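Below is one structure; the comments refer to it alone.
Values quoted throughout were computed directly from the atomic coordinates according to the rules given, and no laboratory measurement underlies them. Here the structure is a predicted model, which means the values were calculated and not measured. Counting neighbours? That spans all protein chains shown, and the Cβs are built from the backbone with ideal geometry, glycine included.
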Amino acid sequence: MTRANLPALGYVYVALGLPALLFGLNHPGAVSAFFTGAAFAYVWFLASLRARLIRFDPEGFFATAVVVGGGSFIALQALALLLARPQLEAPASACAATVIVGSSLAAWRARKIPKWFGRAGVAGGLAVLGVGMAEGAANWTFEGDAVYASSLGFMVWVLVTATYLLRR
C-alpha cells in the first residue's frame, strides 16, 4: 500500500469497527478482535489525515488538535466498548468532534473545500459532540449494549473524509 492509498484504511476502520459495536457484550472476544483491527486501520488513516492537514496548515495547530483528539478518541472508544459504559462515550465524542471540527476548519481555511462543506463539517462535529453528551448523561445507547449514535456519526465522517482524500 502506498502512502497515497492510506486514507482507504478509513474504510477498513468502519468495516471492522461497526461489527465491534454491533456484537456488544454478547461476544467480547469478537469485539476485541474486530476493534483491534479497526484501531490499527484508524491510526494509519489518522496519520494520512495529519499529513494532509500539515499541508493545509503549516503551523500545525489543526493537525495537532486532530491527532490528539483522534488518539484520545480511539482509547476512550475501546474503554466504552469493552466496559459497556455509555458514560465513556461522552468524552469519546468530544475527541471525535475535535477531529471533525479541526479537519473541517483546516481544509476550509486553506480553501481546499467549499464553504458549505466546511460549515457542514463543523456542524456535524458539533452534532457528534451533542449526541455523545446526551448518550453519556442519559446512560443511553442507540441499539444494544455498545452501538453509540455519536460513533456512527463519526464513522460516516470517516467514510466521507476517506473518499475525499482518495479523490485528491
Residue by residue through the range 3-8, the couplings from Karplus 6.51 cos²θ - 1.76 cosθ + 1.60 with θ = phi - 60°, in Hz, x for Gly and Pro, are 4, 5, 9, 4, x, 4
Karplus-derived HN-Hα couplings along the range 78-85 (A = 6.51, B = -1.76, C = 1.60, θ = phi - 60°), whole Hz, x at Gly and Pro:
4, 5, 4, 6, 6, 9, 6, 10
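Around R111, what is the net charge, scoring Lys/Arg as +1 and Asp/Glu as -1 over all other residues with Cβ under 13 Å from its Cβ?
+3
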Going from the fewest other Cβ atoms within 10 Å to the most, one would list E59, E135, E89 as E59, E135, E89
The set of residues whose placed amide H lies less than 5 Å from the amide H of V147, leaving out same-chain residues fewer than 5 positions away, is F142
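Between V43 and V160, what is 0.36 nm times their sequence separation minus the Cα-Cα distance? Round to one decimal in nm. Before the final figure, lay out each step's value.
Numbers: separation 117, 0.36 × 117 = 42.12 nm, distance 1.68 nm.
Between V43 and V160, full extension yields 40.4 nm more.
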Assuming 0.36 nm per residue, please report the length gained on full extension of the stretch R119 to T36 beyond their Cα-Cα distance.
26.6 nm
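Just want to confirm a number: the relative contact order over the range 1-139, from Cα pairs under 8 angstrom separated by 6+ residues, in percent.
Reported relative contact order: 21 percent.
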For the chain, how big is Rg over Rh, using alpha carbon atoms and the Kirkwood form of Rh?
0.97
Between N5 and H27, what length comes free when the chain is fully extended (0.36 nm per residue of separation minus the Cα-Cα distance, one decimal in nm)?
4.7 nm
Report the calculated FRET efficiency for R85 and L126 (r = Cβ-Cβ distance, R0 = 25 Å), to the nearest 0.05.
0.60
To the nearest 10 degrees, the tilt of helix 28-56 (Cα long axis) against the first principal axis of the alpha carbons of the chain is 10 degrees
